[in-house]
Amino acid sequence: MIPAAFEYTRARSLADALKAAGTRGTKVIAGGQSLVPLLRFRLAQPSVVVDIGHLPQLQGIKRAKQGTVIGAATTYRDLLDSKLLHNTHPIIAETTAGIGDRQVRNRGTIGGGLAHADPASDMPAVVLALDAVLTLQSRRGKRSVPARKFFKGPFATAMKKDELLTEILLPFLPQGAGTAYESFEQAASGYALVGVAAVVAVSGGAVTHAAVGITGLADTPFFAASAAKLIGRTPNKEILRAAAAAAVEGVSANEDIHASAEYRLHLARVAVRKALTTAAGRAG
Amino acid sequence: MATLFGSGIKRREDPRLLTGRGTYTDDVKLPGMLYAAFVRSPFAHARVRSVETKRAKKVAGVVAVYTGQDTKDRVNPVPCAWNVPNCDLRTPPHPLLAYEKVRYVGDAVAMVVAESRAAARDGVDLVDVDYEPLDAVVNPEKATGKEAPQLHADVPGNVAFTWKVSGGDPAKTFAEAAVKVELRLLQPRLQPTALEPRAAVATWNDAMGQLTLWVTSQNPHIHRFLCSVMLKVPEHKIRVVAPDVGGGFGSKIPGYADEALVCFAAMDLKRPVKWTEDRSENYKVTIHGRDHVEYVELCGTKDGTITGLRTRVYAGLGAYASTAAPGIPTILHGLMYSGPYTIPNIEGTVYGVYTTTTPVDAYRGAGRPEATYLIERLVEVYARKIKMDPVVVRRKNLIPKDKFPYTVATGITYDSGDYQGALDKALGMLDYKAFRAEQAKARKQGRYLGVGVTTYCEICGLGPSQVAGAVGFGGGLYDSAVVRVYPTGVVRVYIGGKPHGQGEETTFAQIVADEFGIPIENIEIVAGDTEATPQGWGTYGSRTTAVGGPAVKLAADRVKEKAKKLAAHLLEASEADLEWKDGKFVVRGSPDQAKTFGDLALMANVAWNMPPGVEPGLEASAFYDPSNFVFPFGTHICTVEVDVETGRVKILRYIAVDDCGPQINPMLVEGQVHGGVVQGLGEALQEIAVYDEDGQLLTGTMMDYAVPRASQMPKIETASTVTPSPVNPLGVKGIGETGTIASVPTVVNAVCDALAPLGITHIDKPLTPATVWAAIQQAKGGAR
Ligand SMILES: Cc1cc2nc3c(=O)[nH]c(=O)nc-3n(C[C@H](O)[C@H](O)[C@H](O)COP(=O)(O)OP(=O)(O)OC[C@H]3O[C@@H](n4cnc5c(N)ncnc54)[C@H](O)[C@@H]3O)c2cc1C
C-alpha cells in the first residue's frame, strides 16, 4: 500500500488553497480519510497534495441569520462536540456518532465527506433533508448551491474542477420540527447499505413540514420529494408506511455482494418509515 | 506452597505486546537492507506469454527484477507436505514464480527488489506481463464438471484426490432406515485475517553459506525444512527466527513462495531483503479456509436413535496444494464424522478439487468445524423431522461417560469424556425449559426467538508421530523442551512450539515454577528461534499445551531428579530419605537439613562437589510424543431473536461450556474460548470470501470482508467441566479451536429454530440480514 510519489505542501491561506484547487495534477487534502486510501491503492496519483485541513477560514461552527454555518474542514469530532449544533440540528450528532470510528471522526471532515460524494456515506442524506446550502469558492469567485442540486452521481458533484467547498449552511429547522437518522450498516465497511434522514414538523396533529434524504440506496444520494405529500396529514402508522413506499418508488437500487436491489429497496422503506416515525415523535 | 497450575494469572507477554514493545518481523531492520515487492496476476487463469522487466529495471532504486524464467532452475517449487495416502493424491508443482501459467489472482509472476519499499512498488507497476486469459472456475463442485477448465495438465477433472472413510454397514443401514434426512450445505471460504500480515526478512552470509530468515511463522522448524527444500540450502545452514507473531489462525503454518523468494534474492544479491504483505495482498495470497460444498445425509429410528451418516464433499483446495491442505478435509475432517455420538455406520467421500482461487489450508479448527457443522445441522433437522426436542435426540446419542476410551466407526479412539455433564451444565445456565416457554409466548406475539444447541467433541493435540507417519504428514508430531538452570537459580525453557497469542510464555512458566518452587519471574520461556530451540513441530491443531506442555514437565522432572541426587549427596542422606517441601529437598525428620532449588542450581553449575558419576550442570531436554490425540468437548447454546422485517439476527445469550481437562490458567482458557467463539460468530453471521465467475476476489479489502468487530459481539458466558485426558501426564486437552468449532452450528441452529414456524429448515451461512431476509421471502412465497 505505497502511494505513487507526490509532493506534499500545507496551504498557508485560503488563497493558497484556491490556487491549489485550480491547478492540474494537484489534489487538496483535508482529513485524508478518503483520499489517503485512494492514494495508497494508486487509484489517485496526483503529483502535488495540498493540505487545507488546518485553515482557520474553513473551520468552525457559527450561528448566522439563516441558520448554522459549518466550515468545510470542520472535523466530525467537532460536530459531535458542538453545543450549538446539538441545539439547532441534533441530527448532525446523531448521524456523526455512527460514522467510522473514533480515529476517523477525529480526522475526517464534513466537507471532505460531502466533496468526496461516496454514494454510501451518511452525511449526504442529512444535508439533503435539511435543505442545506453549500458555498463553493474558486479564484473566480463564490457561489451557493443547494445540497439538493449538489450530488450528481457516484463520487460526482456540482463542484467545478477549480472549486472548493468552503461552507455548509444548515437553515434553521421549521418551528416544532423533529429529526431522525436511521441507517442499516454494511457489516464490513460500516457505510450505509441504506441511510435515511427525516425532518418532520407537526402542528395540531397534522404534518406541516416533511423532508427525506436517502443515501446508499441508489448511485446518487437523493431527496425524496414525495415526502412533502405528508403535509396536512396525520402522521399515523399507515400514512407513514405509505409515505415510505412512495419515497423509494421507481428508484433503481444498487446491487452488490452485500445486498440485492430488492433487499436495499425493502430496507429503504423500513428506514424511511422508522426515520419518519421517530422524527414525528420528536416533533412538537 | 500454593501452586500456580490452575491460577488465572495475567499473561506475562502482554506488557510487552500491549505497549508496542514487541518485535515483529517487520520491526527487524538490517544495514543495507533491500525491499521486495511482487508482480501478481490480475487474472485467475492465464497463460503467461512474456514478462518484460526492462522498464522496471530503470526505476531509480530498483536493484533487480526476477521472473519465473530467471528462478525456475535455481529453486524448487513450493512443496506440499501432507501426502494423504490411499486417495490418489496429485500435487502438481507450484513454482515460486509462475512462468507458464498463472492459476489465481495474486499468483506471482515477478519480484522487484529495490532500495526502498516505494521504489520496489513503483517497479511493480512497470513490469509488463503479456497474459492470454483462460477460463476460470471458482466453485469446487463445478470444477469437477466436464465443461470446467483444467488447471493442471496431469490432474483430470481438477480432482486432486478422492478420499473415502467408512465404518459399519452404511449402505444397508440407509436402505433399511425408518427416517432419513439430507442437506446440501455450503461452507464458504474464509479469509484468516491475522492482525499482523505475513512478512519475511532474509540475510545471507556468503562466506559461511548461512541463511537467516525472520518470518511470521507458527512453526519455524517446519519453515526451516521447507526453505531448505525450496532453496536447496542444507538445513543446518538455515536459521529461522519467528519473533513476536501477531496471530496466525493456521495461515502462518504453510510454506509460501514469498519468503523463499526473499531468501533467494538475499542470496543472489548478497544483501538483506525484506518483504511485508499489505492487507490486500494478504487477502489475495495468504491461504484461505473452509470452502466445502457438501451433500450430507443422516438416518435413524423414529424414536431418535441415529444409525448412519453419509457425506459427499467437494473441498476446494484453490490453485495449488498448500503445505497441509490435503490433510484438512480428510484426516482432520472425515475421521470426525461421528462427533460426540455413537453413530455405528458412517461413510464419507471427499473430493479435493483445484480451482482458480487462492490456495486453501488450515484455518482455526481446520476440518473439524466443517465436520461439527454438518453433523449438528443434520441432527437438528432429524430431530425436527421426528418431532423430538433436539436436545433429547442429542442426549440419547451421546457416547456415555463410562464407555471411554471409545472407538468410533471411523476408527479413531476418543480419550475421555463426560458429554452429558457439559450438556447438563449448559442447559442449566440457560434454563432451557423456561426459554422454550418464552419462545412459545413470543411466537404468539409474532416474535421469532430461537435456541441452538451444539454438543461437540473435536480432535486436537496433534500427535502421535507414528500416526502422523501413517497418515502421510511430512513430519513428526511430538514436541520438545530444554530446561536450562543458570548458576543463580534462574531458568530458561526453550520450546519446540511457537506460541503466537495463545499464552504459553505464561502457562509453561506456571508449570515450571510449580515444579521448582521458584517465583515465576525467575523463568523465561524461549520460542521461535531454530538456533536456540530444540526440533519441534509448531503451534497449530491446539497441540502446544497438550504436547509441548508435557515435554516441559518431563524436562523439568529430569532436572529435578538430578537436583535430588545432588541434594542427597550434599546432605549425606539417601535419596529415599529426602522429601520435596516448600521448594526445598529436606531430610525427612530434620527440617534444618535442607537444600533449596537455588542452592542446588549453584552447586550443580560450579560442580565443586558432585556425586560420583554425575555430570556437572543442571539442564535437561525432553521430546514428548503422546500416545493419542486428545478430544476436548462441550456444549454451546445460543439464543437469538430474528427481526423478520429486516432479517437481522440478534444474539440474546451465548453460553459456552467447554472441557479441556485441568486448566493451567483459567483466564487464558476463557480468552481462547472468547476468541474462538467470536471467530465462529463471524463465520456464522457475516464472513465470506466472494469470487466472481472470472475468479476476481470481491472481498479483497476490509471494506468488503466483514471481520467481526467488538461492537457487534454479544457477551459470552463461559463455564467448564473438567475431565482429564489419560493421554498425557498433565491430563490437558487443547482449547484453541473449540470456540470456532462449536459456535458456528450453534448460531445457525438457533436462527433456523427461530424461523421454523415459517417452514425454514436450513439457511446457508453466513446469516447476514440480506441472506436471512431472502430466505424468509422465499419461505413466505412458498407458503402462498
Ligand atoms: C475506516 C473508515 C470508516 C468510515 N466510515 C464511514 C461511515 O460509516 N460513514 C460515512 O459516511 N463515511 C465513512 N467514512 C468516510 C469518511 O466520512 C470520509 O473519509 C471523510 O469524511 C472524508 O473527509 P476528509 O476530510 O478525510 O477528506 P479527504 O480524504 O481529505 O478528501 C476527500 C476528497 O475530497 C476532496 N476535498 C476535501 N476537502 C475538500 C473541500 N473542502 N473542498 C473540495 N474538495 C475537498 C479531496 O481532494 C478528496 O478528493 C469512513 C472512512 C474510513 C477511513
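Under a Cβ-only charge scheme (Lys and Arg +1, Asp and Glu -1), can you give me the dipole magnitude of the protein assembly as shown about the Cα centre, in debye to the nearest 20? Intermediate values should be presented prior to the final figure.
Values: 116 positive and 108 negative charges, 716 e Å.
Computed charge dipole of the protein assembly as shown: roughly 3440 debye.
Taken over chain B, the convex hull of the Cα atoms encloses 173 Å³ per residue.
In the protein assembly as shown, helical runs assigned H by DSSP with n ≥ 4 each contribute -39500 (n - 2.57); averaged across all residues and rounded to the nearest 500, the mean residue ellipticity at 222 nm is -8500 deg cm²/dmol. Taking packing as the residue-averaged number of other Cβ atoms within 10 angstrom, the listed peptides A:26-37, A:182-193 run from highest to lowest as A:182-193, A:26-37. If you wrap a convex hull around the Cα atoms of chain A, how much volume per residue is inside, in Å³? Once divided by residue count, the hull of chain A is 121 Å³. Extents of segment B:199-271, taken as max minus min of Cα coordinates on every principal axis and listed largest first, are 37, 19, 18 Å. Once a ≥ b ≥ c are taken as the square roots of the eigenvalues of the Cα gyration tensor of segment B:327-428, is the result rounded (a/c under 1.5), prolate (a/b larger than b/c) or oblate (a/b not larger than b/c)? Cα axes put segment B:327-428 in the prolate bin. How much net charge surrounds B:T718 when only the other residues with a Cβ under 14 Å from the Cβ of B:T718 are counted, with Lys and Arg +1 and Asp and Glu -1? It works out to a net charge of -1.
Pairs of Cα atoms under 8 Å, at least six residues apart: use those to get the relative contact order of chain B, whole percent. Working shown, then result.
Details: 2006 pairs, mean separation 120.5, N = 784.
In percent, rounded to a whole number, it is 15.
Each of B:L566, B:L578, B:F516 was scored by the projection of its Cα onto the charge dipole of segment B:501-633, and the greatest displacement toward the positive side belongs to B:L578; charges sit on the C-beta of Lys, Arg, Asp and Glu.
Size of segment B:478-624 from its Cα atoms: along the principal axes, largest to smallest, the extents are 48, 27, 24 Å.
For B:A175 and A:D101, FRET efficiency with R0 = 60 Å and r from the beta-carbon atoms, rounded to 0.05?
Numbers: r = 58 Å, r/R0 = 0.97.
Computed FRET efficiency for A:D101 and B:A175 comes out at 0.55.
If R0 is 56 Å, the Cβ-Cβ spacing of A:A228 and B:L195 corresponds to a FRET efficiency of close to 0.65.
Kirkwood Rh, segment A:58-171, all Cα pairs: how many Å?
On the way: mean 1/r = 0.0717 Å⁻¹.
Over segment A:58-171, the inverse of the mean reciprocal pair distance is 14.0 Å.
If one computes P(r) from the Cα atoms of segment B:640-716, what percent of pairs lie at distances over 21 Å? Could you put the intermediate results ahead of the total?
Details: 1327 of 2926 pairs.
The share of Cα pairs beyond 21 Å in segment B:640-716 comes to 45 percent.
Remark: C-alpha extents of segment A:177-282 on the principal axes read 46, 25, 21 Å, sorted largest to smallest. Each listed q (0.14, 0.18, 0.26 Å⁻¹) maps to a log10 I(q)/I(0) for segment B:491-550 from the Debye sum over equal C-alpha point scatterers, namely -0.35, -0.57, -1.11.
Which value does Rg/Rh take for segment B:124-259 over its C-alpha atoms, Rh per Kirkwood?
Values: Rg = 22.5 Å, Rh = 20.1 Å.
Result for segment B:124-259 is an Rg/Rh of 1.12.
For segment B:277-401, count the residues as N, evaluate 2.2 N^0.38 Å, and divide the Cα radius of gyration by that value, please. Show your work: numbers first, answer last.
Numbers: Rg = 16.8 Å, N = 125, 2.2 N^0.38 = 13.8 Å.
Dividing the Cα Rg of segment B:277-401 by 2.2 N^0.38 Å gives 1.22.
The modelled label-to-label distance between A:H54 and B:N609, using points 7 Å beyond Cα along the C-beta direction, is 7.3 nm.
Taking Cα atoms of segment B:1-107, Rg/Rh with Kirkwood Rh, to two decimals?
On the way: Rg = 22.6 Å, Rh = 19.1 Å.
Rg/Rh: 1.18.
Divide the volume of the convex hull around the Cα atoms of the protein assembly as shown by the residue count and you get 204 Å³ per residue.
Kirkwood-type hydrodynamic radius, segment B:410-458: 13.2 Å, calculated from all non-identical alpha-carbon pairs.
Pairs of Lys residues in chain A that lie 8 or more places apart, or on two chains, and have C-alpha atoms under 23 angstrom apart add up to 24.
Highest mean packing comes first when the peptides A:159-170, B:283-294 are listed by Cβ atoms within 10 Å, giving B:283-294, A:159-170.
The ellipsoid that matches the Cα gyration tensor of segment B:692-784 has semi-axes, each √(5λ) in whole angstrom, of 34, 22, 13, with the longest given first. Let me know the shape class of segment A:79-121, please: from the alpha-carbon gyration tensor, a ≥ b ≥ c as square roots of the eigenvalues, rounded when a/c is under 1.5, otherwise prolate if a/b is greater than b/c, or oblate. The shape class here is prolate.
Let me know the charge dipole size of chain B about its Cα centre in debye, to the nearest 20, where only the beta-carbon of Lys, Arg (+1) and Asp, Glu (-1) is charged. Please report the intermediate quantities before stating the final value.
Details: 83 positive and 87 negative charges, 252 e Å.
In debye, rounded to 20, chain B gives about 1200.
Note the full-extension length gain between A:D16 and A:R63 as 0.36 nm times their separation in residues minus their Cα-Cα distance, in nm to one decimal.
On the way: separation 47, 0.36 × 47 = 16.92 nm, distance 2.67 nm.
Result for the pair: 14.3 nm of gain on full extension.
At an R0 of 25 angstrom, the distance between the Cβ atoms of B:T3 and B:S574 translates into a FRET efficiency of 0.35.
In terms of distances greater than 29 angstrom between alpha carbons, the cross-link table entries B:K58/B:K270; B:K252/B:K733; B:K164/B:K715; B:K232/B:K274; B:K10/B:K274 yield B:K164/B:K715; B:K10/B:K274. Computed over segment B:506-580, the Cα gyration tensor eigenvalues convert (square root of 5λ each) into semi-axes of 29, 13, 12 Å, ordered from largest to smallest. Is the shape of segment A:7-51 best called rounded, prolate or oblate, per the rule: a/c under 1.5 gives rounded, else a/b larger than b/c gives prolate, else oblate, with a ≥ b ≥ c the square roots of the Cα gyration tensor eigenvalues? Prolate, because a/c is 1.5 or more and a/b exceeds b/c. By the Stokes-Einstein formula, at 1.567 mPa s and 4 °C, segment B:440-562 with its Kirkwood radius over alpha-carbon pairs has D equal to 78 µm²/s.
Bear in mind these aren't lab numbers, they're just calculated from the coordinates by the rules spelled out. Just so you know, these numbers come straight off a predicted model, no measurement behind them. Please note: Cβ atoms are built from the backbone with ideal geometry, for glycine as well, and neighbour counts cover all protein chains shown.
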